[in-house]
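Below: one structure, written as structure tokens.
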């Protein structure tokens, strides 16, 4: 099953200057718990925003460049058709984790959405693609806990395609 997983603010921002526009440990924990031991797919810019490979996951990076070196946990593809062929070889859940171009390219294939909605507005230069929620059924909402480390009101929403 192909899933999208992302966090966004009230204006649908998902990135700013190559990073997340906020710090929200609860979202990072939710992301880790949801994607652990799964396949994660990302564009080159998203990949470069991390300090390294996401551990305990198969990392697939879509990049036009040819300078990345594949390993057991890092696979490189150079086109959407090549990506789709590779994804067919995996039986576990596949998580598309960004960026916006990859979300746009793979939207027709997605079965489930994992959205962290942050009830705040941040500076952003990348926005999530428009999602027509009339084609999706909200199956679960998990309230986020606000505390000294998680200062923004947030919730986790899971949608299945109708």
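The values are calculated or read from the model by the stated rules, or taken from the named source; none is laboratory data. For clarity, every value in this text was computed on a predicted model and none was experimentally measured. Cβ sites come from the backbone with ideal geometry, for glycine too, and all protein chains shown count toward neighbours.
Considering 110, 126, 77, which residue is closer than 18 Å to residue 14 by Cβ and touching a helix residue (DSSP H, G or I) at 6+ places or on another chain (Cβ under 8 Å)? It is 126.
In the stretch 1-97, counting only strands (runs of 3 or more DSSP E) that sit wholly within it, the ones holding 3 or more residues that are touching a strand residue (DSSP E or B) at 6+ places or on another chain (Cβ under 8 Å) and over 26 Å from residue 148 (Cβ atoms) span 2-8, 39-43, 58-62, 74-77. Considering 60, 14, 5, the condition of being over 27 Å from residue 155 (Cα atoms), at pLDDT 95 or above and in contact with a helix residue (DSSP H, G or I) (Cβ under 9 Å, 6 or more places away or on another chain) is satisfied by 60 alone.
Of all the residues in the stretch 78-127, those that are touching a residue at least 40 places away in the same chain (Cβ under 8 Å) and farther than 17 Å from residue 2 by Cα number 12. Of all residues in the stretch 136-150, which are part of a loop (DSSP other than H, G, I, E, B) and surrounded by 12 or more Cβ atoms within 10 Å (Cβ to Cβ)? Result: 144, 146, 150. Scanning for something farther than 23 Å from residue 26 by Cα and surrounded by 15 or more Cβ atoms within 10 Å (Cβ to Cβ), does the stretch 110-125 turn up at least one residue? Within the stretch 110-125 (the criterion being farther than 23 Å from residue 26 by Cα and surrounded by 15 or more Cβ atoms within 10 Å (Cβ to Cβ)), the answer is yes, since at least one residue qualifies.
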